Amino acid sequence: MIKPHGSTSLNPLFVADATARGQLVQEARELPHITVSSAAAANAVMLGAGYFNPLTGYMTKADALAVARDLRTTDGLFWPIPIVNIVADPEPIRGAARIALGDPNVEGQPAVAVQDVEGIEEISDAEMNQMVVNIFGTDSEEHPGVATFKGLGRYIVHGPIQVLNFSYFEHDFPDTFRTAQSIRDEFAERGWDKVVAFQTRNPMHRAHEAVCKMALEATGADGLLIHMLLGKLKPGDVPAAVRDAAIRRMVDVYFPPNTVMIAGYGFDMMYAGPREAVLHAVFRQNAGCSYLCVGRDHAGVGDFYGAFDSQKIFDEKVPADALEIDIFRADHTAFSKKLGRVVMMRDAPDHTKEDFVILSGTAVREMLGRGEAPPEEFSRPEVAEILMDHYRSR
């Protein structure tokens, strides 16, 4: 199986030993406590689950700026997006060597991790703006990721962490949330050495299904990991529980047995387009995947990115030796009336626009909102039924 990023073995930061973890939970109750942002809590979950291997905690200001600018830490580790704990008011922890990080997404804000504080550094507005532009390609606060990032505060609290739990993800999604190590373990149990990962924050329609099947065939992979984001989304996106149910139904009906593993990860969507696509590749490599599907507007939002910017970044900014995972590049997909199936449009040069059934996500959401099923050329009826039930109940 493919090696993790940056090390020969996976080093998750979750304290697996129950006795040691219990002692840390008790210690956390006595430590200076600060409730962190949802983004910082999600970073702790990803560090704890091994997805952000080989990082040992939250980055320094110098590393955050270097990663945003050059996609490398100051010591040369390839990394696409700063992994930071940014706070608005550091006074409650000023002078503390060790602190408890309260989880904003769980009632009572219990500690999600304990952090050794190696420093608290202020970020100037100019540094924050430059970091935002580098990460998101824009400083427009109409971009949901920009607005969230700029609203975190101006103080970076850096240092290693020990993770105590996986926030709400393991409780709310017990059948879906998985750590990177548990995914690797299941691949081994299934006898899968070469796996294709498919990233999704949306329900999967026939085009997504087709891309997955094309990727399996083209790469000769042993299996497919459908890996869904379970964290915070922008308003209007389909909730994780509904998406999970729709994807499971599609896989049960339309994929052969033992070809697909469904799992989820605990992270908030950044909508950072190309940079987030590279982060997706890093943590899929850590989960044991050899390929990641990257398609049109991967991890994008609105009109902030070109249709295939998330593919171009792997050619333009990711050095050939930076990652071991490979990218399966998907083109525009649509249902071909001529062929009676979904195709990549680049593979149908004899087609005209009228030969395809093309629907935008906005059009489909409007249809669902009116209680109308999308055409079968776009969405499997079993998937459409689950989505219509969700939209009717809103």
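If you sort Asp75, Asp63 by accessible surface, 1.4 Å probe, largest first, the order is Asp75, Asp63. Sorted into 10 angstrom bins from 0, the C-alpha pair distances of segment 41-99 split as 23, 46, 29, 2 percent.
At a probe radius of 1.4 angstrom, the accessible area of segment 60-167 per residue rounds to 39 square angstrom.
Do any trypsin sites (Lys or Arg not before Pro) in segment 299-385 lie in a loop, going by DSSP, with at most 14 other beta-carbon atoms within 10 Å of their beta carbon, and if so which?
For trypsin sites (Lys or Arg not before Pro) across segment 299-385 that sit outside H, G, I, E and B with at most 14 neighbouring Cβ atoms in 10 Å, the list reads Lys317, Lys337, Lys338, Arg370.
Using a 1.4 Å probe and ignoring any ligands, DNA or RNA, find the accessible area of Asp297 and quote it in Å² to the nearest 10. Around 40 Å² of this residue is reachable by solvent. All C-alpha pair distances within the chain, sorted into 20 Å bins from zero, spread as 27, 58, 14, 0 percent across the bins.
P(r) tail, segment 124-229: Cα-Cα pairs separated by more than 17 Å, 71% of all pairs. Annotation: per residue accessible area for segment 176-324 equals 34 Å², rounded to a whole number [probe 1.4 Å, protein chains only]. Sparse packing (at most 10 other Cβ atoms within 10 Å of the Cβ) combined with a DSSP loop state is found for the following GluC sites (Glu not before Pro) in segment 93-188: Glu107, Glu142. Our note on the geometry: Cα centres of segment 273-344 and segment 44-111, 26 Å apart. Basic side chains Lys and Arg get +1 at the Cβ, acidic Asp and Glu get -1 at the Cβ, and with that the dipole of the chain about its Cα centre reaches some 520 debye. Would you mind telling me the share, in percent, of accessible area of the chain contributed by carbon and sulfur at probe 1.4 angstrom? Reported share for carbon and sulfur atoms: 47 percent.
Using a cutoff of 8 angstrom between alpha carbon atoms and counting only pairs six or more residues apart, the relative contact order for segment 276-365 works out to 25 percent. Rank Thr176, His158, Phe198 by how far each Cα sits towards the positive end of the charge dipole of segment 134-214 (+1 on Lys, Arg Cβ; -1 on Asp, Glu Cβ) and give me just the farthest. Sorting the options by dipole projection puts first Phe198.
Rounded to the nearest whole Hz, the Karplus-based 3J(HN,Hα) values (6.51 cos²θ - 1.76 cosθ + 1.60, θ = phi - 60°) of segment 281-286 follow the sequence 5, 4, 7, 6, 4, 4, with x at glycine and proline. Near the amide H of Thr35, within less than 5 Å, lie the amide hydrogens of Gly102, all on another chain or at least 5 residues away, with H placed in the peptide plane. Considering helices alone, the calculated mean residue ellipticity of the chain at 222 nm is -10500 deg cm²/dmol, with DSSP H runs of length four and up weighted by -39500 (n - 2.57) and normalised per residue.
Over the chain, calculate the relative contact order: mean separation of alpha carbon pairs under 8 Å at least 6 apart, over the residue count, as a percent. Kindly include the intermediate steps, with their values, before the conclusion.
Numbers: 770 pairs, mean separation 68.7, N = 394.
Normalised by residue count, the contact order of the chain is 17 percent.
For the chain, what is the percent of antiparallel DSSP beta bridges, rounded to the nearest 5? Please report the intermediate quantities before stating the final value.
Numbers: 23 of 46 bridges.
The answer is about 50 percent antiparallel.
With 25 Å as the limit, write out which pairs from Lys213/Lys338; Lys3/Lys317; Lys312/Lys337; Lys61/Lys194; Lys232/Lys353 have Cα-Cα distances beyond it, or answer none. Spell out each step's value before the answer.
Details: Lys213/Lys338 20 Å; Lys3/Lys317 22 Å; Lys312/Lys337 30 Å; Lys61/Lys194 37 Å; Lys232/Lys353 36 Å.
Table pairs above 25 Å Cα-Cα are Lys312/Lys337; Lys61/Lys194; Lys232/Lys353.
Considering the chain as a Gaussian network with a 10 Å cut-off on Cα pairs, which listed residue, Ser290, Ser310, Ser140, attains the greatest mean-square fluctuation? Result for the chain, Cα springs under 10 Å: Ser140 fluctuates most.
Which of rounded, prolate, oblate describes segment 40-173, given a ≥ b ≥ c as roots of the alpha-carbon gyration tensor eigenvalues and a/c under 1.5 marking rounded, otherwise prolate only if a/b is larger than b/c? Since a/c stays below 1.5, the shape of segment 40-173 is classed as rounded.
The values are calculated or read from the model by the stated rules, or taken from the named source; none is laboratory data. Only a predicted model underlies this, so the values are computations on that prediction, with no experimental measurement involved. Please note: Cβ atoms are built from the backbone with ideal geometry, for glycine as well, and neighbour counts cover all protein chains shown. What goes into the accessible areas is simple: the full protein's heavy atoms, side chains included, and nothing from ligands, DNA or RNA. Shrake-Rupley method; radii C 1.70, N 1.55, O 1.52, S 1.80 Å.
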